[in-house]
């Protein structure tokens, strides 16, 4: 998965294969075959043909800003409109923009990114409505939080991946821990893997990725709040999270990762 580091993506692949899903990487689709009724019947690559009843194309999203470009409005490196914190298009007092067509500030890297998510678009709409109506509201930025699910496998990430940190010149340590969704002795406790990145010297949290079953996905919100607040992994270890055996081990998996990251950061000083 492009949203995860390769080592975490491998966990997702193995889990999907365990569900009976066949994975084919690096194969270019050359055409789709249809039957007499016009419905798809196969996907053809350079090397093989795969029978299919349904084909889903997940090829990514680009900002649709052709009209803005033709109008001379400012566009960023990723092709999205550039706005200020009030969602006004830069240099234009009475033009606002939001949603999938704009670039947003990444609070972790300090750079502009194009992250088309409904959560951002909804906030943009509220802010634009308030400002257009004579009020005042601002959009501070994002940390890149996303969750998804394949059958009963939950996948989550927030903040920077390793390649993101490298791209912006951040030096970091990474740790990966194995834990469980509940206390180990509690019925239906399931494995959970948490990967955490922290900045060298400062210990500032840079990113978290989580793969597991029930309870894995929304745990990433702990890290999203920590990233937004600019917390260090050392500070995270003291977070007063809710605990009861049906919900988590006494040390939540995210805090176990934070402890390990903090230890690694201290050792590097």
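Would you point out the residue of region 96-109, among those that are without any contact (Cβ under 8 Å) to a residue 40 or more places away in the chain and more than 19 Å from residue 62 (Cβ to Cβ), that is surrounded by the most Cβ atoms within 10 Å (Cβ to Cβ)? Here the answer is 96. For region 124-139, the set of residues classified as out of contact with any helix residue (DSSP H, G or I) (no Cβ under 8 Å at 6 or more places or on another chain) and touching a residue at least 24 places away in the same chain (Cβ under 8 Å) consists of 127, 128, 131, 132, listed by residue number.
So is residue 69 within 27 Å of residue 117 (Cα to Cα), touching a residue at least 12 places away in the same chain (Cβ under 8 Å) and surrounded by 11 or more Cβ atoms within 10 Å (Cβ to Cβ) or not? Before you say what the answer is, go through the steps one by one.
Values: within 27 Å of residue 117 (Cα to Cα): yes; touching a residue at least 12 places away in the same chain (Cβ under 8 Å): no; surrounded by 11 or more Cβ atoms within 10 Å (Cβ to Cβ): yes.
No, not satisfied.
On inspection, residue 147 does not qualify as within 25 Å of residue 198 (Cβ to Cβ), part of a loop (DSSP other than H, G, I, E, B) and in contact with a helix residue (DSSP H, G or I) (Cβ under 8 Å, 6 or more places away or on another chain). Within region 194-218, being under 14 Å from residue 155 (Cβ atoms) and out of contact with any strand residue (DSSP E or B) (no Cβ under 6 Å at 6 or more places or on another chain) holds for 213, 214, 215, 218.
For residue 166, the criteria (1) in contact with a strand residue (DSSP E or B) (Cβ under 8 Å, 6 or more places away or on another chain); (2) closer than 26 Å to residue 58 by Cβ; (3) without any contact (Cβ under 8 Å) to a residue 24 or more places away in the chain hold in every case but one, which is (1).
Only the coordinates and a few stated rules stand behind these numbers; no lab work does. The shown structure was predicted, so the numbers you read here are calculated from the model rather than taken from an experiment. Neighbour counts run over all protein chains shown; Cβ positions are idealised from the backbone, glycine included.
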